[in-house]
Amino acid sequence: TLKVSPDAPLPTLPPATLNLKGYQLTFDEEFNGPLSVSSRGPCGPGGTRWMAHTPGNSDFGDARFMDPGPESPFNIQDGILRIKASKDPSYGRTDPWKRQWRAGLLASIDPQGRGFSQKYGYFEMRARFPDSPGMWPAFWLLSVPGSNPPGTPGTEIDVVEQYGCMPHNLCMTLHQWGPGPKHWAAGDNAIVPDMTHAFHTYGVMVDAQNITWYFDGVQMFQQKTPEAAKVPLYVLVDLAMGSGWPIDKAISPSYMDVDYIRVYSRKGSR
């Protein structure tokens, strides 16, 4: 007999194990000033730091990712980026997918691959997630288009995906996509302190041997590094909705708060 109690205490995490000795900061987004974001780029020198869509324009989920401007889902206050998901029933009439929700995504490269990407290193976000069912916040990495040889898979590393109906469930996944419709994935879930009421850090270390996931500096999961991940990776952060979970009880507006996004490389590797 398995007894489940809502009052059961959460597991106690072990001491932090992350060690960045010998690493240097290579990307530092502290959100202390105006957000440098464009709709479709260009990114990098002479452009913006972020783009508000995926480089392949493969936006996803049950909310539309909005452009900068009057309906922008992004706001910065006191060094915190706030990404808003909100519902407007009239908005569905102008969206080809009839989506009535708006939300936001940031990517660190544009469709031409310009912007920030890095082969190997440690990638980390400090954030607090929305306390609402139907929400699907994430921090993730993708291989730069064209960096994998033709006929080989591309890589996606989900540093964290969190579903609003499961505030303690940390989802960590390594995907390989292609060639064609092929898909392979390996991942793990972990029960952690509530991710909606406090800020936590979500990180992944990528090197030639392993990909290692961290929560608040504690190692949570590890996979051998496939060849497809030994290429430059770029950064994405988003507040999406759905992913198969109902959104009918989602709270409008809901917010994802991001304190910082930082990337490190081993000294002498760049």
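The values are calculated or read from the model by the stated rules, or taken from the named source; none is laboratory data. Worth saying up front: this structure is predicted, and the values here are computed from it rather than measured. Cβ sites come from the backbone with ideal geometry, for glycine too, and all protein chains shown count toward neighbours. Just so you know, the surface numbers come from the protein's heavy atoms only, side chains and all, with ligands and any DNA or RNA stripped out. Shrake-Rupley method; radii C 1.70, N 1.55, O 1.52, S 1.80 Å.
Output wanted: per-residue J couplings in Hz (rounded whole) for the stretch 44-61, from phi through Karplus 6.51 cos²θ - 1.76 cosθ + 1.60, θ = phi - 60°, x for Gly and Pro.
So the Karplus estimates, Gly and Pro as x, are x, x, x, x, 9, 6, 10, 10, 8, 8, 5, x, x, 6, 9, 4, 9, x Hz.
Distance check, please: which entries in LYS182/LYS230; LYS21/LYS119; LYS87/LYS249; LYS119/LYS267; LYS84/LYS230 exceed 22 angstrom between their Cα atoms?
Result: LYS84/LYS230 exceed 22 Å.
Using packing as a proxy for protection, rank 15-22, 220-227 so that the peptide with the highest average count of other Cβ atoms within 10 Å comes first.
In descending order of packing, they fall as 220-227, 15-22.
Please give the charge dipole size of the stretch 1-79, origin at the Cα centre, charges +1 on K and R Cβ atoms and -1 on D and E Cβ atoms. Round to the nearest 20 debye.
280 debye
Which percent, to the nearest 5, of DSSP beta bridges fully inside the chain are antiparallel?
Taking every DSSP beta bridge within the chain, about 95 percent pair in antiparallel fashion.
Determine, for each peptide in 170-183, 128-141, 190-203, the mean count of other beta carbons within 10 angstrom over its residues, then list the peptides with the highest first.
In decreasing order of mean packing, 170-183, 128-141, 190-203 become 128-141, 190-203, 170-183.
How much accessible area per residue does the chain have, in Å², with a 1.4 Å probe?
That works out to 47 Å² for each residue.
For a quick check: with amide H placed at 1.01 Å from N, whose amide H comes under 5 Å from ASP59's, ignoring anything fewer than 5 positions away on the same chain?
Excluding prolines and chain starts, which carry no amide H, the hits are THR54.
Taking Cα centroids, how far is the stretch 14-59 from the stretch 234-251 in Å?
First find each Cα centre; the distance between them is then 20 Å.
Ranked highest first by average number of other Cβ atoms within 10 Å, how do 107-118, 76-87 line up?
107-118, 76-87
Collect residues whose amide H, placed 1.01 Å from N in the peptide plane, falls under 5 Å from the amide H of ARG64; neighbours closer than 5 in sequence don't count.
The answer is TRP101, ARG102, ALA103.
Does the chain classify as rounded, prolate or oblate by the C-alpha gyration tensor (a ≥ b ≥ c root eigenvalues; a/c under 1.5 gives rounded; else a/b over b/c gives prolate, otherwise oblate)?
rounded
If you take every residue apart from ARG99 with its C-beta less than 11 Å away from the C-beta of ARG99, what net charge results, scoring Lys and Arg +1 and Asp and Glu -1?
+1
How much of the accessible area of the chain, in percent, comes from carbon and sulfur atoms when a 1.4 Å probe is used?
52 percent
Quick one: Karplus J couplings for the stretch 239-252, per residue in order, coefficients 6.51, -1.76, 1.60, θ = phi - 60°, nearest Hz, x for Gly and Pro?
10, 9, 9, x, 6, x, 8, x, 10, 5, 9, 5, 8, 10
Output the relative contact order of the stretch 174-269, whole-number percent, from Cα pairs under 8 angstrom with separation of 6+ residues.
13 percent
Give the calculated FRET efficiency between ASN189 and ASN19 to the nearest 0.05, with a Förster radius of 25 Å applied to their Cβ-Cβ distance.
Efficiency, rounded to the nearest 0.05: 0.50.
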